[in-house]
Structures are given as C-alpha cells and as structure tokens.
Protein chains: 4
Amino acid sequence: VLASTPVDLQTLLDEIAAAAPAQAARGKVADYIPALAAVAPERFGMALATVDGQVYGSGEFREPFSVQSVSKAFTLALSLAREGDALFNRVGREPSGNPFNSLVQLEYEHGIPRNPFINAGALVVVDQLLTATGDAFGELRAFLRAETGEPALDCDAVVARSEAEHGHRNAALAHFMASYGNLKNPVEVVLDHYFRQCALTMSCADLARAGLFLARHGVRADGSQLFGRSEAKRVNAILLTCGTYDAAGDFAYRVGLPGKSGVGGGILSVLPGRGCLAVWGPALDRSGNSVAGVHALDTFTTRTGWSVF
Amino acid sequence: VLASTPVDLQTLLDEIAAAAPAQAARGKVADYIPALAAVAPERFGMALATVDGQVYGSGEFREPFSVQSVSKAFTLALSLAREGDALFNRVGREPSGNPFNSLVQLEYEHGIPRNPFINAGALVVVDQLLTATGDAFGELRAFLRAETGEPALDCDAVVARSEAEHGHRNAALAHFMASYGNLKNPVEVVLDHYFRQCALTMSCADLARAGLFLARHGVRADGSQLFGRSEAKRVNAILLTCGTYDAAGDFAYRVGLPGKSGVGGGILSVLPGRGCLAVWGPALDRSGNSVAGVHALDTFTTRTGWSVF
Amino acid sequence: VLASTPVDLQTLLDEIAAAAPAQAARGKVADYIPALAAVAPERFGMALATVDGQVYGSGEFREPFSVQSVSKAFTLALSLAREGDALFNRVGREPSGNPFNSLVQLEYEHGIPRNPFINAGALVVVDQLLTATGDAFGELRAFLRAETGEPALDCDAVVARSEAEHGHRNAALAHFMASYGNLKNPVEVVLDHYFRQCALTMSCADLARAGLFLARHGVRADGSQLFGRSEAKRVNAILLTCGTYDAAGDFAYRVGLPGKSGVGGGILSVLPGRGCLAVWGPALDRSGNSVAGVHALDTFTTRTGWSVF
Amino acid sequence: VLASTPVDLQTLLDEIAAAAPAQAARGKVADYIPALAAVAPERFGMALATVDGQVYGSGEFREPFSVQSVSKAFTLALSLAREGDALFNRVGREPSGNPFNSLVQLEYEHGIPRNPFINAGALVVVDQLLTATGDAFGELRAFLRAETGEPALDCDAVVARSEAEHGHRNAALAHFMASYGNLKNPVEVVLDHYFRQCALTMSCADLARAGLFLARHGVRADGSQLFGRSEAKRVNAILLTCGTYDAAGDFAYRVGLPGKSGVGGGILSVLPGRGCLAVWGPALDRSGNSVAGVHALDTFTTRTGWSVF
C-alpha cells in the first residue's frame, strides 16, 4: 500500500517541516505551568512510523517534549485491553461538546464523564488501571518503553510536581466524581498517577513507534496482540470523534484521521493499516491543539490522500 | 478493491436481512406523526451500491419509506457545492453533545447551530440553499432524481403536512435563529421546504445510488463532479462525527463509517472509495437511530473489515 | 402609619426627581423597537398612591409611557384571582437565575417556565387568562381602566405592531412551550394578546393607582376584593423574588420592596399596607431595569425606612 | 407593636407544636452522614425571641441540634460587618436557580458563586473571614456565645469529622474556585472551618436569640452595633431571596419572611422590627427544607399577619 503513494515521504515531511515555523505565529504556547511556558513556539518535529517498520522524520523529531494529554490514547488502550467494554460503564464514548475540563457536563450526567479524553474521563481510566494493576503509571511506562525500545523513557518530575501545584481544576473533577462514587482509589493517588502520566517526556519518533499498534490492528512491536482488531478500531473511533478536545469535528474535517493532541504541542495520529504519525509544535490554537501540528497533518493527508474518508 | 473481500456480498446481505427482524424488538417506531407510527417495526431492507456500478440488495430494499433526516446529508452536500466554506460562518461542524432538537446549545452559542445535522443546523442549510436557488426542495429533488434515475421520486404530501402540524419545536428553532439574524428567508418558507425535504420517500436502493457520489470523491452518476475530493472528504467527516444524533461516538465505535440516520428508520452509510450502503428498519433506539440498521451495519463492517479504522 | 414618617413625602419626591436626570447617563434606552428607542433617556416621573387615597407625584408623573413588562404584575393578579394555585401547575414561582427570555431553563424544565415574569411565564399567564375569559387583553384593560378611573387607557397600536415584527424570540418561546403542550390557545393568538398587553400606555400616576390593591391586601378602588390577603401576599412575594429580571436579588438588597420593571423604563413597587410607587426613567441598566428608577426607589426606602426588611 | 397582635403568642406556638409531628411524614431525614440520619423525624421545637427581650418556646425548643447551613446567616453577617460591600466582588447576591451544591452555575460564571448561601458562596465567606480574622470558626463561635449567653456553645467534633469524610462535593467546589483564584487560603483549611461551622450544635432558643440582631437593625445583645440598619436590611434581603436553597420563591410565597434553613432540620426566620423565630423538625422536603418547619412558619405568619408583604 505504501508504495502506491505518488509522493516521496521523506521529501514531503521535509517540505512540511520547512513550512512549520511560520504557522507558530497563529498560536500561543501553554503557560499554566512554567515548564511548558518556557518552550520556544516555533520549534517543530514530525515522524512517521510505517507498519512495515520504517521510521521517517524531519525537524526536531528526536527531541523529547512533554506529551501531556497524548498519553491518554495509551492509557485508554491499556485499560480497554484489560477491562474490555466494562470500562464504558464508568465513562462514555461520545464527543463532549464542551471544553476538555468542563464540570457542567459531568454534573448533568451524574459523574459519568462523556468520553475517556476529557480530563474527567482520563481520571476514570487511570483509576480503573490503578485498580487493575496497582500501578497505573508504571504499567503505562513499561508499555511505552517496550514499544519504543527506549528503556530510559520516563516522566519529568519537575513537570509532574508543577502540574500538581496548579492542579485545582483536576482535583475538583476528581472530588466531584468521587462524590458520585465514580472513583475507586483515593483522590490523591489517582491525581498523582495522572500528573505523572501527563508529564511523560517523549519525542515524535517515540510517539510514532509507540502508537503503531493502533495502525496494526492491535499488534505490538514484539508481534504479540495487545488486543484484537475490533478493539483497535474502537480506540481509533474514539480518537477521531473525541481526541482533539472540542475541535474534534474540525480536525476530522481538515485532517480526516484519528488523533490525540496535548497542550505540550504534540499530536499523535493513526493511519489505519499504514502507519502512525507524530508531530510537535508548541504554539496552540484556542482549542488547545498545536497550530503547526494540525497544519502539518492537514498537508500530509491532502498530499497523500491518506485520510480515512 | 471490492474483489479483495473474503465474503460474498449478496450472501452477506441476505444473512443480515434474515437476522434483522429479531432486532426490532429492542426498539420503538417513531410515533410523533401518524404516518410514521403506522409502519410495522420488523420491516427491513438493505442495499449496497458499489463504485463500479453494481447494486446489491436484500429484504425490502426496493420499498419506499420516509427518509426524514437522511435527506440532510444531501442538502449539506448541495449547499457546500454552491457556497463552499462560507456555509460554516452560519453553522458549525462540531458534534453537539445534545439531542438533535435542543435549544440550549443554540442559546449558548448565540444562534449558530453546532453542526448541519441537528435540526437547527439543517434549517440554516435549507435557508442558504433557498437563497442560492430560490427553491431548496426543488433543487434537492432534481438532484436525487438525477442520481437515482427515478423521475417520480418525490415527497409525501400527507407526511409533510403532518410534520408541519406537529412542528412547534422546529418553528421554535427557526424563530430563535431568526431572532439572532441567522435566517434570511421568512420562517414559514424555510419550514415548508424543510418539512417537504424530510417527507421525501425513497427506497434503500434509491438512497444507496443517490449517496454514491460521497464514495466517489464527488463524482455524480453522469460522471460530472458535484464538488472535489476535498469537499467529499469533508461531508464524510461531518457524517462520521455528527450524523447519528447524540450517538455519533457510539456509531463510530461500532460501525466505523460515515453515516446519516433518520427517524423513519433509514441510515445512509458511506464506504469511501468502495460504495454506499442504505438500510431501513423502523424501530428506533433511544437516540433515534434504527436498531436493526445499526446492527446490520455493524455486522457488515465486522464481516468485511471495511470500517474506515 | 403614614403620619409616622419623619419626612415630607412631596418634598422627598421632588428631591428625588431633581437628582434623577443625572442617573440616566449610566444606562441605555431600549432600542429593539423604534418606538422605544426614540424616547429621551433623561426623562423622569414618580408617583406615590397611598392606601388612604392620596396621590403624590413629581417630574413627568402624568406623562404616559409604554409599560411593557410592568403589565405582567396585573395579568398575574388577574389570572391568580380566577384560577388560584392551579396556575402554578403550568408556571413556577422561583427566580430564574437566567435572563428574562432564556430558553435554556425552559428546556431543562420541560416547558414549564420558572416564574410568571420571565417572558415564557407571562405567555402562559396570558394563555390561561385567554382560556378563562376569551379576551385576555380586554380583561386587563377593563381592570386598569376601573382602578385608574381613566376610560381611555389603552395600548399603542404602533408599538404592538412593532413588537410583533421584532417578536421572533417570543414566537420561539411560544412554539417551544406549545411543543410541550403548555400552551392551550393558538400561538398567534397568545402572542397578539401578549404584544398588546406590553404596548399599554400608562403614566406613573396611573400605575401607582392601578397597583394599590396589592398594598391593600386585595381591595380594589371600588372597595371590592380582587382576591384575599393571602393572594396579595403571594403576588408581592413573587414580585420581590422575580420582578426585576435577573437582578431581583440586587433589587431586594438595594430597595427592599416588591417591584416589577419594564424595558420602557417603568417600575411599579409595592409598600404593603402603605401604598404603591411608580417611577419612570427610560435609560436601562444591563439587566433591563431603569437606572434612575432603581436609584429613586433606593433613595425613597432609605429616607423613609419603608423597606419590608 | 407586639401588643397589637390578636393572638396569644404562647398559645399559638403550642398549637403549632402540637400539629407538627404529623407533618414529618411528608419528608425524609438527611442521611448523607450517620449523625444526622439517626435523628427521629417527628421531633420538633420552635422558639420566638422578641425585640423587647421575651423568649417564647414550645416543643423541644431547648434541645440542641446540628444547625448546618443555618450557620451561613451568621458568617455572612460577620463577613459583611468586616468587609462591607467588597465581599460582593467575590460572591453574588442573586438567587441561583440551581440546587445548593451545583457546579454548573459556578462554571458559567467563572468561579464567582451566585450568592453567599449556596455551598460555594459559603466557602468564599469562610475564606474571607479566615483572611480577616485568622480564625473564622473561632470568630463565629465567639459571636454566638455572646449573643446567646451560652459559653459552652460549640461544634460537634464527630459531626464535623463525618462531614469531612463525606465532603467530596464541597472539596470539588473549593478546588474549583481555587482554580479561578477565588479562594485565598489553602483548600484544606477553608474546608476545615466550613465543616466545623456546619457542625455547630444549638437549640431553637439559642438560634432565635442569636439572630435577634437582624430584627433589631444590627443591634447586638449587649447593645452594640454589629453593623448599621442598611447592612441588616441587606442580610434580610439575601435571606429572603436566597436563604432556602432553590425553594426561596416558594418560601417567600408561603411564609413571606427572610429565612435560612439547614439540612439538620432547622430554620431561622427574621421578623424585621419584631423578633426572630427558630424552628426545628428533621424531616426535609425535596429542596432540603424542614417540612414541619416551613409549615410552622407558614401557620405563624398566616395567624399573626406578620409576613413582610
């Protein structure tokens, strides 16, 4: 399939990377914690890992950055692999129609978050993984180390601590769900694992390799199955409909791929059956998605025709 | 591409049709107007039109039924073909997170409907098409007659009148948008075209043929382009994220295809690059989608592997 | 009781009227219909009718103006006199916490307006009075003519027509309630009576005399009882908690009296057991209440000590 | 003034107390913490402290109970006495239109609670009093001991601890406001003072005496002024419009007095210029107000004519 593309992939990535810095001016770097605010907005990297084992990259695609909410794609997959559809008794799978950390929806729906990617839903996923494994963050880190082959991959302790210090909104979400009985572990423990998960440091190359199982219908780097074809399809569906905050419709419209963004400026995007893309550009649009990243993915699917639609 | 499927399509459709009546018991026929309430819940039809010109069908796939909101997929395409992205100054393209006829979202967002498929958004699309053509319903009917080759295809006047008599909610939406200046034609005229559009009578075979341009990147039955590859992708993206009321996430999760449902029990679903599916089963789930229809599409993509994910 | 006040009432009203024009600069005249927009913002009148039959006035207290929503105090009383507590099966009596014409609350509460003074609630009151009398506006006009002794008191036809032409929001509310079955008469008829009611033209002296029955525990100008002490108390309670749009708390805090305002700049305020005040100043604050009017009432209760608290 | 009443007060209280137990069957005792759930629903007490120094009582009017939210009337007064209107930069004074612990309104209004009596608003009041005094609970307790002449008046440590253990909803509110910068002291400290305040144990006689300053225009038991006539009027206005959760309109309609209720079954009610009433009946209606208490106050104002309207 890859051979059929009319474009040379390395050339395409280089062209996209060359055009990226000009995009940064349209956005703004996240500034709610010092560690994120210090990053230069015009930085950019992009990597593509293909199902046949190639990794293409351009720009700073080996530079580690704070993955933030991109990590939620992985915890969802790990939780789904262990719990199956039972997970969805505690968290929905519908787009939220509200910003990612809204409490309004949570109240109208009695403590059941709308989907696993809004903050409340991600906290439930962590809570479920904690109950199942005893160490949600450890489980996630071990998975990512295995998929990337990077044994030193870890969270940034300074970022994690900074998240905790500025984490009143997440603490409110956690206590609120606890008041509905939809959190099984102590609020402080869930928040600690959640903040460390968000503070993971990975490069575009790492992310693209780590997400490849979603393009390979559940097959991990070592050839084992994390879960079946059906579960992989399901994670991709949730990524497409809910993965980019309240701009998921716009992302589907422009890019046409499953994707998960983070306020660190990263976006992970899946090309089912083909490969996995990761981009990084710290300047964010008003919805919290990387402006250079969305532009890069838009260009990529327009040039290759590899949107799912 | 079609040749590569491991299943025989006709056999598969027949198997699905045989299993369909048992699904109807899980749902309930729409009863807000008499014409819809009178239909037997266990009826079922399914058709597949492929990009290479074949039409497969099973069950009552040639039986006309009331397409209702399925028609919104076509008016969106026709409006987008004429106006391009300017349409999105007046209607969004994000999932609503609320039922299809909710006024709450409309008020919080100052009269701009969240997407073209909730009722308010569909009214804006009709209004835009009215301004552009002078006869929105006529434009739609002419398009559908051309694509299906059925010169007698039309709306059911009794159903249209019945919709108007039970149309207080839609009248409220229209007046509300008019109060924000987001309706250009008189409220009564917009509602008249809207009610006739919803009262269109078509069979599964008609619908599958009529929607084929969305699988062929904009190419109509006569070989002309309604619009380009990019616009076709965009309509499909909106179908996937917003086409099945507030169960779009669940539909993407289970079926994994762009789709548009109606309370008459029809669903149109696009297989980009492959073909167009139409199913009909009058019993609806709580979100207003055909229970037998969603089940049929779920089985179809599971057996063929033709989900977009 | 009146004798015990340490201030001379006429002197006090004159002082208040002298200070009023300076207040107008803090507000803005309603401009959604031309007839209201044309009024000079610094105009002012104030009248006090006492339970012992005196009428004091200052400024343009004999100048007729458009009473708008002030009329809702009277239709509520007339409806309550005929229907008693049964009225509250169709409309609540709690503050809304939302602007006066919000649809959000109406949707969350399934077509039951929060109170009789938000527009939706006033439409239900008109609908109930229509059912009871066959002519809601006629009933209201006859009552007001009787209480004021002004046989020519009437609505302004130009204003009523202008309201209808700009009435999309009210039409939306009416259709929305009709969709819930909470409107018994045709939408157009209810709106027509409602628009004429709002277009009534009365002076401060008229209003103060007309509202006197609320200070006299239900006793009308001719000595008959419109309703009992208990019903008068109830109307006053609703006036205090709901009578000044979403600023009822602020009005209670500053003025401390039952009151009903209108976007024509009028406010009617009840001094239980003592009398009835009416003020007029066209410039409105952000909640839609007369700035000069609220200031005048605040000064009046501070100087007399006649707040209910 | 008191002499003019046609009824004998002691006889009236006794009649009300005799009728009270039958009311309890219409309600339900609060059961979210064990200490409250254990109280027998049919218990009842009522006390009236008059501005001329008399205390009337009937039923268990000397029996201490958990005052819960009734305490918020006192912290509001103490905070207003110290800060004046500056308090209202951080908390509104409008009815909420939502249940007492709703987060929805708080989000729409960016962390500014609608009024000082919903839980979020009460937390802001505690926070302000903490900043002003260093010991919010200590300040409150000292005030109540002085007004009642009961040096042992205190909170119940078991109840306070139990509140903390079931306090996820309040913790969510506090963290949420902290995320908007509308909490100045550490969340844990504010919650600790808040839970102790709610766990205060007082009898009806205590409450009636303690609230007398609100009927005496700010004059305390020792003759000093807590604040002026204007501030007393303001607290009474907020009590009337916001003091009984989302049933404030109904309370004004039935009782017609400023009042503050608590889930322990107590209600404090002010008769401006006349006295202060306190009632206790543990069974609550759906809004969280004592059924026997509201009924008792309704009877009292109907029989005496001492409503403010």
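Every test in (1) more than 16 Å from the chain's Cα centre (by Cα); (2) under 22 Å from B:GLN105 (Cβ atoms) is passed by A:ALA132 save one, and that test is (2). Failed condition for A:MET46, given (1) touching a strand residue (DSSP E or B) at 6+ places or on another chain (Cβ under 7 Å); (2) at pLDDT below 95; (3) of a type in the set (A, V, I, L, M), with all others met? Every condition holds for A:MET46 apart from (2).
Could we say that C:GLY111 is surrounded by fewer than 20 Cβ atoms within 10 Å (Cβ to Cβ), within 14 Å of C:ASN182 (Cα to Cα) and touching a residue at least 60 places away in the same chain (Cβ under 8 Å) here? Against the criterion (surrounded by fewer than 20 Cβ atoms within 10 Å (Cβ to Cβ), within 14 Å of C:ASN182 (Cα to Cα) and touching a residue at least 60 places away in the same chain (Cβ under 8 Å)), C:GLY111 qualifies. For C:GLY259, the test of being under 11 Å from C:PHE117 (Cβ atoms), surrounded by 24 or more Cβ atoms within 10 Å (Cβ to Cβ), without any contact (Cβ under 8 Å) to a residue 40 or more places away in the chain and more than 7 Å from chain D (Cβ to nearest Cβ) is passed.
Of B:VAL270, B:VAL279, B:VAL189, all but one fail to be within 12 Å of chain A (Cβ to nearest Cβ) and either outside any strand (DSSP E or B) or modelled with pLDDT of 95 or more (or both); the exception is B:VAL270. Condition first: closer than 26 Å to B:LEU87 by Cα and either touching a strand residue (DSSP E or B) at 6+ places or on another chain (Cβ under 6 Å) or surrounded by fewer than 16 Cβ atoms within 10 Å (Cβ to Cβ) (or both). Now tell me which residues in the range B:155-170 satisfy that. Scanning the range B:155-170 gives a single hit, B:CYS155.
What about A:LEU36, is it surrounded by 20 or more Cβ atoms within 10 Å (Cβ to Cβ), assigned to a helix (DSSP H, G or I) and modelled with pLDDT under 95?
Values: surrounded by 20 or more Cβ atoms within 10 Å (Cβ to Cβ): yes; assigned to a helix (DSSP H, G or I): yes; modelled with pLDDT under 95: yes.
The answer is yes for A:LEU36.
Put simply, of B:GLN128, B:GLN105 the only residue that is modelled with pLDDT under 95, of a type outside the set (A, V, I, L, M, F, W, C) and within 17 Å of B:MET177 (Cβ to Cβ) is B:GLN105.
Going by what's in this entry, would A:VAL55 be described as over 24 Å from A:ARG196 (Cα atoms) and among the β-branched types (Val, Ile, Thr)? In short, yes.
So if I check each of C:ASP52, C:ASP85, which one is in contact with a helix residue (DSSP H, G or I) (Cβ under 7 Å, 6 or more places away or on another chain) and surrounded by fewer than 17 Cβ atoms within 10 Å (Cβ to Cβ)?
Going through C:ASP52, C:ASP85 in turn, the sole match is C:ASP52.
Return the pair list, or none, for Cβ contacts closer than 9 Å from residues in the range B:223-234 that are under 20 Å from B:GLY53 (Cβ atoms) and within 14 Å of another protein chain (Cβ to nearest Cβ) to residues that are of a type in the set (Phe, Trp, Tyr) and assigned to a helix (DSSP H, G or I), at least 6 apart or on different chains. Close Cβ pairs satisfying both conditions: B:ALA232/B:PHE213. In this structure, is C:THR131 more than 13 Å from chain B (Cβ to nearest Cβ), farther than 22 Å from C:CYS242 by Cβ and not in a helix (DSSP H, G or I)? It is false that C:THR131 is more than 13 Å from chain B (Cβ to nearest Cβ), farther than 22 Å from C:CYS242 by Cβ and not in a helix (DSSP H, G or I). When A:ASP85 is tested against (1) assigned to a loop (DSSP other than H, G, I, E, B); (2) modelled with pLDDT under 95, exactly one condition is not met: (1).
For A:THR299, the conditions (1) touching a strand residue (DSSP E or B) at 6+ places or on another chain (Cβ under 9 Å); (2) of a type outside the set (Lys, Arg); (3) more than 15 Å from A:ALA49 (Cα to Cα) all hold with the exception of (1). On the given criteria, is C:ALA296 within 14 Å of another protein chain (Cβ to nearest Cβ) and in contact (Cβ under 8 Å) with a residue 12 or more places away in the chain? The answer is no for C:ALA296.
Taken over the range C:184-237, the criterion of being of a type in the set (S, T, N, Q) and surrounded by fewer than 23 Cβ atoms within 10 Å (Cβ to Cβ) is satisfied by C:ASN185, C:THR201, C:SER224, C:GLN225, C:SER230.
Within the range C:192-211, the set of residues being part of a helix (DSSP H, G or I), over 23 Å from C:ASP127 (Cβ atoms) and not basic (Lys, Arg) comprises C:CYS204, C:ALA205, C:ASP206, C:LEU207, C:ALA208.
Report yes if B:GLU63 is away from every other protein chain (no Cβ under 14 Å) and part of a loop (DSSP other than H, G, I, E, B), otherwise no. So B:GLU63 passes the test. Within the range D:225-248, is even one residue within 22 Å of D:ILE112 (Cβ to Cβ) and in contact with a Cys (Cβ under 7 Å, 6 or more places away or on another chain)? Among the residues of the range D:225-248, at least one is within 22 Å of D:ILE112 (Cβ to Cβ) and in contact with a Cys (Cβ under 7 Å, 6 or more places away or on another chain), which makes the answer yes.
Of everything in the range B:167-186, what is closer than 21 Å to B:TYR32 by Cα and at the interface with chain C (Cβ under 7 Å from one of its Cβ atoms)? Give them in sequence order.
If the condition is that a residue be closer than 21 Å to B:TYR32 by Cα and at the interface with chain C (Cβ under 7 Å from one of its Cβ atoms), then B:HIS168, B:ARG169, B:ALA171, B:ALA172 are the ones that fit.
For D:PHE143, the conditions (1) buried (at least 24 other Cβ atoms within 10 Å of the Cβ); (2) in contact (Cβ under 8 Å) with a residue 60 or more places away in the chain; (3) part of a helix (DSSP H, G or I); (4) not β-branched (Val, Ile, Thr) all hold with the exception of (1). Suppose the filter is out of contact with any Gly (no Cβ under 6 Å at 6 or more places or on another chain), of a type in the set (D, E, K, R) and without any contact (Cβ under 8 Å) to a residue 24 or more places away in the chain; does C:ASP52 pass it? The answer is no for C:ASP52.
The values are calculated or read from the model by the stated rules, or taken from the named source; none is laboratory data. All values reported here derive from a predicted model rather than from experimental measurement. Note: ideal-geometry Cβ built from the backbone for every residue, glycine included; neighbour counts use all protein chains shown.
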